[in-house]
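Engineer: Take this structure, written in structure tokens, and hold onto it; I'll ask about it next.
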Amino acid sequence: MDTRALRNPYHDFDGSPASTQALFDAQGKITPEFAQRLSSTVSELLAVMENGLKSADPKDCTVYTGWAGIALLYLHLHRVFNEDSFLQRALEYVSRSLKCLTHRHDVTFLCGDAGPLAVAAVVYSRLRMTQEADECINRLMQYHQIVVNLSGGLPDELLYGRVGYLYSLIFINQQLGQDRIPLQYVQQISEAILVSGEHLSRKFRVQNQSPLMYEWYQEQYVGAAHGLAGIYYFLMQVGHLGWVIVVKLRGPVVGDVIIPVDIKGALWK
């Protein structure tokens, strides 16, 4: 067994009420004792994390592996526990992130400057620091022209591409209200991703199998980070595009019948 693995000391779930009675009450809610145990464990793990951060890369601003990711964790904990101390910790870490932005054309939520700006906008908004929140959103929206430019070489995938930027906009609207980022910006990014997918589908001559196709470093991926799954998922988070995506992935509607497409055949024909 990998030495990094943790031994599981618990018995397998057997479906009996006795196996969960210490965890959930008769209504299926977490018992106070178990809730306290979870809360204590969260505190213990946060202490371990904070100690480890003493040797973290001071210049890593990203959500993926850096300060903005820690800020996002504390933002989530504030939502769950409603403790102001967590929001203050989120502010501390996102402020550190904003001081070391890459200022490159890395425009995604996870690996670029868009993520720290989006997280900061939400943290500032929660703290009613309206001017600072607006500034972060304005800076985020300045990447718009880079992302919609289909001739700029930007990929479409989640970690480093257009979908990663799209999620930054979706994240803000989910957290702060659907009109915080104007619909036209979200729509233009989404349509650029669709146009790019249609172009590659024609390029690889797989329109009949998959009307949308994407690649990463000249390879077609199906997973979440670089591939079709991640791109399709976040496109379908944009409400007005939901039916468009279904039609493109499932096939055209003829009467009451959806004509299926063969994505697998498009990838491995």
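Just so you know, all these numbers are worked out from the coordinates, no wet-lab data involved. Here the structure is a predicted model, which means the values were calculated and not measured. Cβ atoms come from the backbone with ideal geometry, glycine included; neighbour counts cover every protein chain shown.
Engineer: If r is the Cβ-Cβ distance from GLN218 to GLN21 and R0 is 45 Å, what FRET efficiency results, to the nearest 0.05? Walk me through the intermediate numbers first.
Structural biologist: Values: r = 55 Å, r/R0 = 1.23.
For GLN218 and GLN21, the calculated efficiency is 0.20.
Engineer: Out of segment 110-191, which trypsin sites (Lys or Arg not before Pro) are coil in DSSP terms and have no more than 13 other C-beta atoms within 10 Å? Walk me through the intermediate numbers first.
Structural biologist: On the way: sites: ARG126, ARG128, ARG139, ARG162, ARG180; in loops: ARG128, ARG180.
Qualifying residues, ordered by number: ARG128.
Engineer: Now a separate question. Can you give the convex hull volume per residue for the Cα atoms of the chain, as a whole number of Å³? Mind dumping the intermediate values first?
Structural biologist: Numbers: hull volume 57.0 nm³, N = 269.
Looking at the chain, the number lands at 212 Å³ per residue.
Engineer: Output the 0 to 90 degree angle, nearest 10, between the alpha-carbon long axis of helix 162-176 and the longest principal axis computed from the alpha carbons of the chain.
Structural biologist: Helix 162-176 sits at roughly 50 degrees to that axis.
Engineer: How far is helix 67-81 tilted off the main Cα axis of the chain, in degrees rounded to 10, range 0 to 90?
Structural biologist: 60 degrees
Engineer: Positive end of the charge dipole of the chain (Lys, Arg +1 and Asp, Glu -1 on Cβ, about the Cα centre): tell me which of PHE24, GLY52, ILE172 has its Cα farthest that way.
Structural biologist: ILE172
Engineer: Moving on to the next point. Tell me which trypsin sites (Lys or Arg not before Pro) from segment 1-69 have a DSSP coil assignment and no more than 14 other beta carbons within 10 Å of their own.
Structural biologist: Passing sites in segment 1-69 are ARG4, ARG7, LYS29, LYS59.
Engineer: At R0 = 41 Å, how high is the FRET efficiency between ILE30 and ASP134 if r is their beta carbon distance? Nearest 0.05 is fine. Please list the in-between numbers first.
Structural biologist: Values: r = 39 Å, r/R0 = 0.94.
My answer for the efficiency is 0.60.
Engineer: Between ASP84 and ASP14, how many nm apart are label points set 7 Å from Cα along the C-beta direction?
Structural biologist: 5.0 nm
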